[in-house]
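K.L.:
Shown below is the structure under consideration.
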Amino acid sequence: MLKRPSFFLDTQICTGCKTCMIACKDKNNLPLGVRWRRVVEFAGGQWIRLPDGTFQQNVFAYYLSMSCNHCQDPICVQSCPTTAMNQDEQGIVNVDPQKCVGCRYCEWACPYSAPQFNPVLGQMTKCDFCRDDLAIGGAPACVAACPTRALQFGDYDELATLYDSKTVFAPLPARDLTQPCFLLCIPKDAKPELTVDGGIANPEEVRNA
C-alpha cells in the first residue's frame, strides 16, 4: 500500500475523452448526476484583426480530470458536523454511511466539488481512491482506463520530487486552501489563476449533482 496515495495528471496528453469518468461511474454504479470524477474543459481565445487586415486566432483549450484530491488538510473533514467525513492513516478521505445525514456541508466547503450528494441514498458519497483495488496491488479504475496514460497515481512524496506541486493555473483554486495530493504538469496554454481570459466550457458536466 502507498504511504500517501496521490493522482498525477499529464495535461499535455490528456485529450478530454472522459474514459476515466465513465470507468469511475461504472465501477461504483453511480446514479445519474453523481460524478466522483469530472473532466473540466477550460477554453478561450478569439480572432484578432491584424494591421494588414488579415486575422489570426489565439484559441486554446486544455482538460483537467478531477476527483477527490485526498487533501493533506481536508476542509470537508473539518466542516462535517457528524464526523462522517474522515481521513484514514494513508490520507484517503472517506464517508462513513452510518454517520452521514446528507447535510451537504462538505460539498459546500470543498473547493474541488469532490463530495457528491447521492439522492438515491440521501447521503454524501465520493472517491475513495479505489481502496479495494489498492489493497491487492491494483490501480484505481480511472487510472487503469485512461487510454493515453495521462492519468497516473503513486506516492505523493515521490511524485512531488518529479513534478511541480506549487504552480496553480485556471480554473484550479489556491493549493494552500487544502494542500491537495494531486499533481499536474502545466498545460502548454495554461492561464494564470483567476484569469478572465477563458472559462469552463462544459459547466453542466462538472457541477455538483
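The values are calculated or read from the model by the stated rules, or taken from the named source; none is laboratory data. As the structure is a computational prediction, the values presented were derived from the model and not from experiment. We place every Cβ from the backbone using ideal geometry, glycine too, and count neighbours over all the protein chains shown.
K.L.:
Please enumerate the residues belonging to the range 187-209 that are assigned to a loop (DSSP other than H, G, I, E, B) and either within 29 Å of Asp133 (Cβ to Cβ) or without any contact (Cβ under 8 Å) to a residue 24 or more places away in the chain (or both).
P.N.:
Pro187, Val196, Asn202, Arg207, Asn208, Ala209, listed by residue number.
K.L.:
So Ile22 passes all but one of these: (1) assigned to a loop (DSSP other than H, G, I, E, B); (2) modelled with pLDDT of 95 or more. Which condition number does it fail?
P.N.:
For Ile22, the failing item is (1).
K.L.:
Being without any contact (Cβ under 8 Å) to a residue 40 or more places away in the chain and of a type in the set (Ser, Thr, Tyr) narrows it down to one of Thr167, Thr148, so name that one.
P.N.:
The unique qualifying residue is Thr167.
Table: residues versus (1) loosely packed, with under 15 Cβ neighbours inside 10 Å; (2) at pLDDT 95 or above.
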residue	(1), (2)
Val39	no, yes
Asn58	yes, no
Ser65	no, yes
Thr83	yes, yes
Asp96	yes, yes
Ser113	no, no
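K.L.:
List pairs: first in the range 70-83 and on the phi > 0 side of the Ramachandran plot, second part of a loop (DSSP other than H, G, I, E, B) and among the hydrophobic types (A, V, I, L, M, F, W, C), Cβ under 6 Å, 6+ apart or cross-chain?
P.N.:
What qualifies is His70/Ile92; His70/Cys181.
K.L.:
With the checklist (1) surrounded by fewer than 18 Cβ atoms within 10 Å (Cβ to Cβ); (2) in a loop (DSSP other than H, G, I, E, B); (3) in contact with a Leu (Cβ under 8 Å, 6 or more places away or on another chain) in hand, flag the one item Ala160 doesn't pass.
P.N.:
(2)
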